[in-house]
Every structure is written in C-alpha cells, then in structure tokens.
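What follows is calculated from the coordinates using simple rules that are stated; it is not laboratory data. None of these values were measured; they are calculated from a predicted model. Neighbour counts run over all protein chains shown; Cβ positions are idealised from the backbone, glycine included.
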Amino acid sequence: MERRNKSLRALSELNYIDSLDSYEKADAIVKWYEEYLGNSKIEEFDLEFQDLKRLEELMFKNINFLKEQKEIASSELINIKKMRRFLKI
C-alpha cells in the first residue's frame, strides 16, 4: 500500500509540475527525478493502466521539454561568450 501511495504522489506531483512555467518546471523536474527515480526504478511504481499511460505521457513530454531547455541554454551560453569576446572581458 505504501508503494502505491508513493506512486500516486509521484504522478500527482508530475501533473502539477506540468503546469509550471519554464524555469520553475525544469528545476522541479530535476527534483522530482531525484526524489522518485534517483534511487529506484520506474518498474517499482504501482499504478493502474490509465495512471501508467498518464505517467508515460508526462515523462515523454518532460523529456522533450528538457531537450528544448538544453538547446535554449546552449544558445544563450554561446551568445554570452560572443558578447564577452566583443567586450573583451
């Protein structure tokens, strides 16, 4: 029962994270991962089929979101480096 409650709490938190703004969302995803998947496996989640489908949807959505954030951060870093070279700092 405890495993099921933890799984439902994880899904609930992931649903909440999905509604956050970009910067808050990225940080929250990392914290969620560390809490629920850092020391355990996804196979340990005890969810019903519909809940598993929702978890799958959110996981893929968040993976794609993090990939986009990585590209944005990389682009911003390149622009900052160009600006520093221009200003000769």
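Tabulated values for the structure
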| quantity | calculated |
| --- | --- |
| Helix 2-18 vs. the chain, principal-axis angle (Cα, 0 to 90°, nearest 10) | 40 |
| Count of lysine pairs in the chain with Cα separation under 14 Å (8 or more residues apart, or interchain) | 5 |
| For region 1-54, alpha-carbon Rg relative to the globular expectation (2.2 N^0.38 Å, N residues) | 1.14 |
| 0 to 90° range, to nearest 10: angle between helix 22-36 axis and the chain longest Cα axis | 40 |
| Theoretical FRET efficiency, 1/(1+(r/R0)^6), r = Cβ-Cβ of residue 64 and residue 87, R0 35 Å, to 0.05 | 0.50 |
| Förster radius 25 Å - calculated FRET efficiency between residue 30 and residue 9, Cβ distance, rounded to 0.05 | 0.90 |
| Sparse-neighbour loop sites [trypsin sites (Lys or Arg not before Pro); the chain; at most 12 other C-beta within 10 Å; DSSP] | 41, 88 |
| Full-stretch length increase - residue 40, residue 52 - with 0.36 nm per residue and alpha-carbon distance subtracted | 2.7 nm |
| Rounded to 10°, Cα long-axis angle of helix 49-87 versus longest principal axis of the chain | 10 |
| Residue among 77, 37, 66 with the largest mean-square fluctuation in a Gaussian network model of the chain, springs linking Cα atoms under 10 Å | 77 |
| Under-5 Å amide H pairs with residue 46, H placed in peptide plane, nonlocal only | 7 |
| Dimensionless Rg/Rh of region 20-81 - Kirkwood Rh, Rg from C-alpha atoms | 1.08 |
